[in-house]
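One structure is given below, encoded as structure tokens.
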Amino acid sequence: MRHKVSRELFAYWDALRGARAAPERAYFNPGAISAILADTFLIEVDAEGVFPLRVVGTRVNAIRGAELKGTSFLDLWRQEDRQSVHAALVAVVDGVAPLVGGARMRAPGDAQVDLEFLLLPMRHFGKTHSRVLGAISPARAVEWMAAGGASPLEFLSMRIVDAAQAVPLQPPAQSSRRPRLVISNPEKS
């Protein structure tokens with residue numbers, strides 16, 4: 001992982017998972033990664049293999065210049081690369097393994113921007129085929145992203161990360177107490 005965003009998200013994910021292959025979604029605290037939250041997203045693993053985006057950071061939305069929540073993660077990519085991206089997602093989910101990859105996009109004015117993406121498996125209510133936490137970031141700040149309108153992403157490379165041998169940045173400081181997911185019914189309150 002070359003980008004700071006990827007290293008920070010991996011460190012947080014790695015600390016959350018402990019000895020497990022993947023952490024529980026309920027333990028995820030967005031405030032713990034507030035500095036990189038705009039570059040992150042959460043994908044739902046669905047039976048149809050559409051992989052809808054459930055949570056999308058503002059800089060990820062800026063790639064298209066629109067709200068991406070509810071759209072397919074695959075739709076961010078060129079048509080000819082969607083099968084490779086689908087295979088990458090399946091590898092993350094089936095192998096319960098983190099994956100890092102390279103991508104490229106063309107900005108307005110035909111400027112080329114190289115990106116790094118990270119896909120991390122998450123458990124949800126004990127189920128591993130449920131969620132994928134991810135990030136996508138350019139190596140440097142890109143001014144035009146606020147205007148959106150970039151071309152679909154071009155898939156360049158990917159590799160499975162051996163989580164046991166990765167040496168990421170230190171995870172963000174957090175309480176030793178894990179947050180709980182609390183679902184309340186407002187009609188009964």
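The values are calculated or read from the model by the stated rules, or taken from the named source; none is laboratory data. As the structure is a computational prediction, the values presented were derived from the model and not from experiment. Cβ: placed from backbone, ideal geometry, glycine included. Neighbour counts: every protein chain shown.
The numbered conditions (1) at pLDDT 95 or above; (2) surrounded by fewer than 22 Cβ atoms within 10 Å (Cβ to Cβ) are all true for Phe73 except (2). Determine whether Val5 is touching a residue at least 60 places away in the same chain (Cβ under 8 Å), surrounded by 15 or more Cβ atoms within 10 Å (Cβ to Cβ) and either touching a strand residue (DSSP E or B) at 6+ places or on another chain (Cβ under 6 Å) or part of a loop (DSSP other than H, G, I, E, B) (or both). Yes, satisfied. Return a yes/no flag: does region 78-87 have any residue that is at pLDDT 95 or above, within 18 Å of Leu133 (Cβ to Cβ) and over 11 Å from the mean Cα position of the chain (by Cα). The answer is yes, given that some residue of region 78-87 is at pLDDT 95 or above, within 18 Å of Leu133 (Cβ to Cβ) and over 11 Å from the mean Cα position of the chain (by Cα).
Checked against (1) in contact with a strand residue (DSSP E or B) (Cβ under 8 Å, 6 or more places away or on another chain); (2) over 14 Å from Leu42 (Cα atoms); (3) at pLDDT below 95, His124 passes all but a single condition, namely (2). Of all residues in region 18-36, those being assigned to a helix (DSSP H, G or I), touching a residue at least 40 places away in the same chain (Cβ under 8 Å) and over 14 Å from the mean Cα position of the chain (by Cα) number 3.
Take the residues in region 50-60 that are touching a residue at least 40 places away in the same chain (Cβ under 8 Å) and out of contact with any helix residue (DSSP H, G or I) (no Cβ under 6 Å at 6 or more places or on another chain); name whichever of them is surrounded by the fewest Cβ atoms within 10 Å (Cβ to Cβ). Top of the filtered list is Arg54.
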